[in-house]
Amino acid sequence: MAIKVQTQTKITDARTFQDLSTWSGTYGNFQPNVTAVNTDIDIRNAMNSKTLSANVTFTVSNIAAGRTSLLLMDISANGYTPTFPSSVKWVEDTEPTWTNARYWMVGLTAWDGSTVRATATAWGS
Amino acid sequence: MAIKVNTTTVITDGGILESITDATGNYGVLQPSISTTTNNINFGTPMMNCVLTANTTFSESGVSQGKTATLLLDTSANFYTPSWSSSITWENGTEPTWGSWRHWQITFIADSASDIRAAAAGFTSTGGGAPTEAISLEGTSSAPETMFIIPTSSGDMVAGWRFGSDGNVYQYSSGNNQGGQGYTLHDTTTWDNITPSTTYYIRASNFSSNDGDTLSVNDSSSINTWNALTSNNTFRYRDNENILNYADKWATMKIEISTTSNGSNIVATGYYRVWWTGTA
């Protein structure tokens, strides 16, 4: 039976927490689900993945101050090129040269409702 | 009704999960709330933002091993400088050059309650970086920086120079003088080219005059004293002589700025003159 607080389900029958306003305490083995991205990165999802099978133009949705998201990106052996929207600003004003490496971890952080600042770490030439 | 486990509330009526000792499983849409801070890194609010309105020294609170926090720092268009406690150790042992970039994303990880490791990524070029602070004054003993005043018969001539707490220099001409409108900005590049980063001290002394005029004690900050420039310092002359009875007068003050309250490290010296005309 789901756990409700004042008619709102907070823990579903599948043991999923939902509609929590805040959470305080500590956690141990508590890891993000990985969301497969097509072209839109929903910044609410903490961990995303994408293997490029062609050049891709990404969008970023649900931007709000403080939200963070990671994108694990494989540009494939063909070295396809990702394009990010102008709302995404890169460290030291320089977008990475994506073809310098195959695997990328892109960290997105929303500073406000429209600006996302991003870091990128590369592996594999 | 709140959900309790053994009398301890774990889900409040407001949907707040609290007093959780551990959590296992996976999560999807679970994002931090963002808190605005002015000068404290609170590890109890792990996502913070801050827009600096002055040079600011940050402290930390709620620190214990394993906690992390992120600060989204905007040093503003004035490129104010943040400072940090000695508990913070920077990536590769080097604190970032804050003036290089306006926006900074700083991640803190507590290795212990007194050992915090930090990494910072900069965004948005400052266009060559924030200027390096420079303290300077105008005028020399032989060629003082001079303001010209035309007194009237409507009252005392009062005029002089202000050295502002904002780092700028202002002229003062009272409403008794022709065109006098109180304080007007003279220069933003002296005495400090930026908003002062620390407390400087100023001393004004009478240097010379052609008719024996000296700084007015009642219209000036303390004379021949090292005064903190955390507040405005103004040095003025007052002349109540009828303009019909004298020709031009001038008086020069010597201004010195020190980094110390006792004047042991003078970093700038200048000479400022007021020249007022008579009709005799």
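Table for the structure above
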{"read-out": "Looking only at region A:23-40, and only at residues there that are within 12 Å of another protein chain (Cβ to nearest Cβ) and not in a strand (DSSP E or B), the one that is farthest from B:GLU18 (Cα to Cα)", "value": "A:ASN33"}
{"read-out": "Answer residue from region B:155-185, given it is farther than 18 Å from B:LYS249 by Cα and of a type in the set (S, T, N, Q) and is surrounded by the most Cβ atoms within 10 Å (Cβ to Cβ) among those", "value": "B:ASN168"}
{"read-out": "Checking A:ILE43 against (1) free of Cβ contacts under 8 Å to residues at least 60 places away in the same chain; (2) within 9 Å of another protein chain (Cβ to nearest Cβ), the condition it does not meet", "value": "(1)"}
{"read-out": "Strands (runs of 3 or more DSSP E) contained in region B:68-159 and holding at least 3 residues out of contact with any helix residue (DSSP H, G or I) (no Cβ under 6 Å at 6 or more places or on another chain) and within 23 Å of B:TRP191 (Cβ to Cβ)", "value": "B:145-149"}
{"read-out": "Identity of the residue in region B:238-253, touching a strand residue (DSSP E or B) at 6+ places or on another chain (Cβ under 7 Å) and outside any loop (DSSP other than H, G, I, E, B), that ends up nearest to B:THR277 (Cα to Cα)", "value": "B:LYS249"}
{"read-out": "Among (1) free of Cβ contacts under 8 Å to residues at least 12 places away in the same chain; (2) of a type outside the set (A, V, I, L, M); (3) under 24 Å from B:THR195 (Cα atoms); (4) within 14 Å of chain A (Cβ to nearest Cβ), the one test that B:THR75 misses", "value": "(1)"}
{"read-out": "Identity of the residue in region B:254-280, in a loop (DSSP other than H, G, I, E, B) and of a type outside the set (Val, Ile, Thr), that ends up surrounded by the most Cβ atoms within 10 Å (Cβ to Cβ)", "value": "B:GLY278"}
{"read-out": "Residue in region B:45-57 that is farther than 24 Å from A:SER24 by Cβ, outside any loop (DSSP other than H, G, I, E, B) and not aliphatic (A, V, I, L, M) present", "value": "yes"}
{"read-out": "Total residues in region B:152-169, condition on the phi < 0 side of the Ramachandran plot and without any contact (Cβ under 8 Å) to a residue 40 or more places away in the chain", "value": "4"}
{"read-out": "Single match in B:THR38, B:THR97, B:THR9, B:THR81 (criterion: of a type outside the set (Gly, Ala, Ser), surrounded by fewer than 14 Cβ atoms within 10 Å (Cβ to Cβ) and over 25 Å from A:ALA110 (Cβ atoms))", "value": "B:THR97"}
{"read-out": "Considering residues of region A:92-125 that are in a strand (DSSP E or B) and hydroxyl-bearing (Ser, Thr, Tyr) only, the residue farthest from the other protein chains (Cβ to nearest Cβ)", "value": "A:TYR103"}
{"read-out": "Residue in region B:17-44 that is nearest to A:ASN29 (Cα to Cα), counting only those that are more than 10 Å from every other protein chain (Cβ to nearest Cβ) and among the β-branched types (Val, Ile, Thr)", "value": "B:ILE41"}
{"read-out": "Subset of region B:191-230 that is part of a strand (DSSP E or B) and among the charged types (D, E, K, R) - its residue that is modelled with the highest pLDDT", "value": "B:ARG203"}
{"read-out": "Cross-chain or 6+ apart pairs with Cβ under 7 Å, region A:8-22 first and at the interface with another protein chain (Cβ under 7 Å from one of its Cβ atoms), then among the polar types (S, T, N, Q)", "value": "A:LYS10/A:GLN18; A:ASP19/A:GLN8; A:THR22/B:SER33"}
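The values are calculated or read from the model by the stated rules, or taken from the named source; none is laboratory data. Everything quoted here is computed from the prediction, not taken from an experiment. Here the Cβ is made from the backbone with ideal geometry for all residues, glycine too, and neighbour counts use every protein chain on show.
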